[in-house]
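The values are calculated or read from the model by the stated rules, or taken from the named source; none is laboratory data. All values reported here derive from a predicted model rather than from experimental measurement. When we count neighbours, we look across all protein chains shown, and the Cβ atoms used for this are built from the backbone with ideal geometry, even at glycine.
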Amino acid sequence: MKTKNLSIKIVIALVLGITVGSICNIYAQSNIVGWTDQYIFNVIGQIFLNLIFMLVVPVVFVSIVLGVVGVGDPKLLGGIGLKALTFFLSTTALAITIGIALALLFKPGAGHSDLLKSEDVNKYEQTLKEQNSAEDSAANQTFDQTLINLFPKNPIQAMTEGNMLQIITFAIFIGVGLIMVGSKAEVVNRFFLQTNEVLMYIITMIMNVFAPIGTFALVAHAFTGAGFGAIKQLGMYFFIVLLALAVHFFVVYGSAVKLLGKYSPMNFFKAFMPAITVGFSTSSSTATLPVSMNCTKKMGVRPEIASFIQPLGATINMDGTAIMQGVATIFIAQISGVDLSLGQLITVVVIAVVASIGTAGVPGVGLIMLAMVLNAVGLNAAAIGIILGIDRLLDMTRTSVNITGDAACALIVSESEQRKLNKRALPKQNANA
Ligand code: ASP
């Protein structure tokens, strides 16, 4: 894949999609626009989305197995996992803190108490009731249940359900098994390597052929249906979320990549551009995984590290989501006339870290998990209905931030583990895992 050309094409598609979608939004009532949106933008966009979703489970599974085998030493793997978790948790806590600080400074909810009386709040109350009666609502799971659910009873079922954490657990076990069995499992080892080659070829092909048109269609569809009217009313909230995302993206990731990863931030953002645009157009960290792992490997991140850290990050590390949750909580507190104490603000940080870990990397889940944060500080979760209308656009942006955090982590851990990984004897067939 000629990354540079492809990146340019995708960025052009993105700009065109935003422009065409915004124009269509003005004429959304017209039949022609409705038809074009439903049968052209939506169909092409969904096909593109399905094509990349089709690869997610096999790519995540095979990559993690190869990643574990590539590291070659369970102890080393533990160290890598620990470093990644430390990076994930600290950047997420920092992200919410930035969101909260900016929201407290700019007061997006001040003088908007009338929003609480809107019809959207009643409607969302109903949604919450339905969610509560659905047993498997992620926001309702207790800690012990979450822990138990990390381990799949049936790995095939985990794959058909796309349960990422269970797939990751199973893949780690298979990887460790392969290391321990060694040369006796050479054929299985080679099978994974060759499957990986095939999957990487398919990703490259899909990206080259479909990414520009698919990106255009998805973005045009999202903008045609976007609630711009609501943005006017919720403009300040919208702006603060974007501002906090931008600060986190450029300042936090930029300096982490430079100082800890010893890599030029400009080159990092440029090389990661194809993944950023796919994240933006699909609003799904999980769907973007095949592309984002491809990008970091091209940056020189060790393949065994990228293969292990990025799928984990796409499942549990959501800095952009945490930012939205922090700003939204302060916004809802302000329109409700509630002054949160320092203790409550700390609770928001802690619960939002947990909520963002529990957020699946698919569109819109971050908002559902926001209920958990609001409940923790006694705010009315039905107020989520107010920001629901503009969340699609914010979801696109925060997903790009979410996946960039995973890539930054992979780059940094790869840099810091370089020496240890070079020292250990690498099974030669895993050199390009
Ligand atoms: N769409 C986000 C992601 O996939 C999750 C969310 O915030 O809704 O990363």
Item to complete: Hey, could you check the range 16-26 for residues that are surrounded by 13 or more Cβ atoms within 10 Å (Cβ to Cβ) and free of Cβ contacts under 8 Å to residues at least 60 places away in the same chain and say which is nearest to Ser281 (Cα to Cα)?
Response: Thr19
Fill in: Residue match in the range 154-171 (condition: at pLDDT 90 or above, more than 22 Å from the chain's Cα centre (by Cα) and outside any helix (DSSP H, G or I))
yes
Worksheet, complete the sentence: Of the residues in the range 339-350, those that are without any contact (Cβ under 8 Å) to a residue 60 or more places away in the chain, touching a Leu at 6+ places or on another chain (Cβ under 9 Å) and either over 17 Å from Ala328 (Cβ atoms) or assigned to a helix (DSSP H, G or I) (or both) come to Thr347
Discussion item. Testing Val257 on (1) of a type in the set (Val, Ile, Thr); (2) within 15 Å of the ligand (Cβ to nearest atom); (3) more than 19 Å from Gly389 (Cβ to Cβ), one condition comes back false. Which one is that?
Written reply: (2)
Worksheet item: If we scan the range 265-284, do we find a residue that is more than 16 Å from the ligand (Cβ to nearest atom), modelled with pLDDT under 95 and not in a helix (DSSP H, G or I)?
Response: no
Worksheet, complete the sentence: Checking Ala244, Ala222 in turn, the sole residue that is more than 21 Å from Gly21 (Cβ to Cβ), in contact (Cβ under 8 Å) with a residue 12 or more places away in the chain and of a type in the set (A, V, I, L, M) turns out to be Ala244
Practice prompt. Test Pro265 against the criterion of being in contact with a Gly (Cβ under 7 Å, 6 or more places away or on another chain) and surrounded by fewer than 24 Cβ atoms within 10 Å (Cβ to Cβ), and give yes or no.
Written response: yes
Fill in: Qualifying residue in the range 354-362 (condition: in contact with a helix residue (DSSP H, G or I) (Cβ under 9 Å, 6 or more places away or on another chain), farther than 15 Å from Asn317 by Cα and more than 8 Å from the ligand (Cβ to nearest atom))
no
Worksheet item: Based on what the data block shows, is Thr288 of a type in the set (Ser, Thr, Tyr), within 16 Å of the ligand (Cβ to nearest atom) and buried (at least 24 other Cβ atoms within 10 Å of the Cβ)?
Response: yes
Fill in: Boolean, Ile332 is within 16 Å of the ligand (Cβ to nearest atom), part of a helix (DSSP H, G or I) and on the phi < 0 side of the Ramachandran plot
no
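Of all residues in the range 70-118, which are among the small types (Gly, Ala, Ser) and either free of Cβ contacts under 8 Å to residues at least 24 places away in the same chain or more than 29 Å from Gln344 (Cα to Cα) (or both)? Working first, answer last.
Step one: list which residues in the range 70-118 are among the small types (Gly, Ala, Ser), which gives 70, 72, 78-79, 81, 84, 90, 93, 95, 99, 101, 103, 109-111, 113, 118.
Correct list: Gly70, Gly72, Gly78, Gly79, Gly81, Ser90, Ala101, Gly111.
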Worksheet item: In the range 237-262, what count of residues is obtained for those that are crowded, with 17+ Cβ neighbours inside 10 Å and at pLDDT below 95?
Response: 3
Worksheet entry | the range 366-380: number of residues that are more than 16 Å from the ligand (Cβ to nearest atom) and either under 16 Å from Val353 (Cβ atoms) or part of a helix (DSSP H, G or I) (or both) | 3
Worksheet item: In the range 206-236, which residues are polar (S, T, N, Q) and either outside any helix (DSSP H, G or I) or surrounded by fewer than 24 Cβ atoms within 10 Å (Cβ to Cβ) (or both)?
Response: Asn208, Gln233
